[in-house]
Each structure stands twice: as structure tokens, then as C-alpha cells.
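The values are calculated or read from the model by the stated rules, or taken from the named source; none is laboratory data. This one's a predicted model, so the numbers in the text were calculated from it and none came from an experiment. For neighbour counting, all protein chains shown are included, and Cβ atoms are generated from backbone atoms with ideal geometry for every residue, glycine included. For the accessible areas, the whole protein counts, side chains as well, though only heavy atoms, and no ligand, DNA or RNA atoms are used. Shrake-Rupley method; radii C 1.70, N 1.55, O 1.52, S 1.80 Å.
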Amino acid sequence: MAESLSDDDAERLRDCVARGGVAVFPTDTVYGVCCDPEDAEAAKRLYALKGRSRARPAAVMFFSLAPALRALPDLSLTERNALQALLPGPVTLLIENRSGDFLPACRSDPTTLGLRVPWLPESLHALCAMADPVMQTSANLSGDPDARKLAEVPPVLRDGADVVLDGGTLPGVASTVIDLREYDASGEWYVLREGALSREAVGELLRDVR
């Protein structure tokens, strides 16, 4: 088991992303790979390392909830309450990208934002110092199993990344993907991929939101 990430690790990740690099890092679910959401060249390189189609989306990850809410001023009160109920947590939320401010270079649908705010355990808490978001996807080759340990991240990604952070053994189950795009209008939500958070748990968290 690796030691907890340090402030220096968080600084290395922050500098890597700011300089247009690609990084492998631990999350609350599985290992991820990330870059600056607005850097087209970095996004192109990330997708090439994964062997991932440019048509497939990636999520925007904030490392704490407050900056995510500040960056999304067009949320309705209902949507904001839903985000506060579900985040931070092992989920990816699909919401309307009304402002158009978040346009990662590889996302094919500019009207939808995939949002992640991980629940970071104490061992990874240093990453909360990351003030800016990253474009993030799982650190595996497209279609292959997710990585629970750094050793399970494919060598092409470990060797091709500019920074690699070892967070030890992670839970190993990918985030649950929840579609909230109709939630404000109708209260409807959909689990598109059940992962680390069960459908029943999602329902409990959203039960009293509206």
C-alpha cells in the first residue's frame, strides 16, 4: 500500500496540467488519466494514449464541490440541491451545459457536461488543493478493465504520462453515471451505468431534494 499523497504530489499534478501535460492519478473509484479541459493538444494526446475515439466524451472533474458550484452559475435551485446531495461522491453526473463555458476538446456533445467531484479519502485528501478542474477519464485502454492499482494501468499510459501518482489500492469500481438533464423540468433521473453507488442509494439521496 502506497503512502498518502502529499502536498508535493498535488503540486506536481497541478503543474503538469497547467503546462499542458497528461497525468495518471488515483480517484475515489479507479485510476484516472487527466489533462487541462481547454487544451486541445493535451486532450488529443490523452485520447491517443488510451486508444479512445475522439467522439467519446470525458468528464470534467473538480476536486471539491464549492469550486464546481461557483463554476456553474446557471444551475437551477433544484439542480444545485441535487448536486449537493450527490457530491462529492463516486458518481458522474450528466447535466445541461447551459453556459457553454465547459467545452473540453474531445467532447462531442457541447450541450451536456459530465461532472465529477470525487469523495477523496484521507490518503488522497491532498488533491483537494487542486483549485482548477481537469478533463478526466479512466486510466485504461479503451474497452479494457479499469485499474484498481497503479500496476494495472497499462504501461503505455504510465510511460506516456508526464506525471504518475500512486495512491495505492483503490476500490476498483467505476463511478455510477447519472443523467440529470431532465431533473429540473420533471424530476426524472436515469442511471446510465451502475457502478460504485447503487441505483437504490442514488434514489435515497435524491428522495427529498425537490
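The table below gives the values:
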item	result
For the stretch 1-131, size of Cβ-based charge dipole, Lys and Arg +1, Asp and Glu -1, in debye	560 debye
DSSP beta bridge pairing in the chain, given as percent antiparallel to the nearest 5	70 percent
Check: the stretch 20-69 dipole with +1 on Lys, Arg Cβ and -1 on Asp, Glu Cβ, in debye	320 debye
ASP159 paired with ARG19, simple spin-label distance in nm, labels 7 Å along Cα-to-beta-carbon	2.2 nm
Paramagnetic reach from LEU192 (point 7 Å along Cα→Cβ, amide N under 14 Å) across the stretch 59-95	59-60, 91-95
VAL22 long-range amide H proximity, modeled H, under 5 Å	ASP162, VAL163
Simple spin-label estimate for ARG56 and ARG98 in nanometres, 7 Å along Cα-Cβ	3.1 nm
For the chain: accessible area per residue (Å², 1.4 Å)	45 Å²
Share of carbon and sulfur in the accessible heavy-atom surface of the stretch 60-207 [1.4 Å probe, %]	51 percent
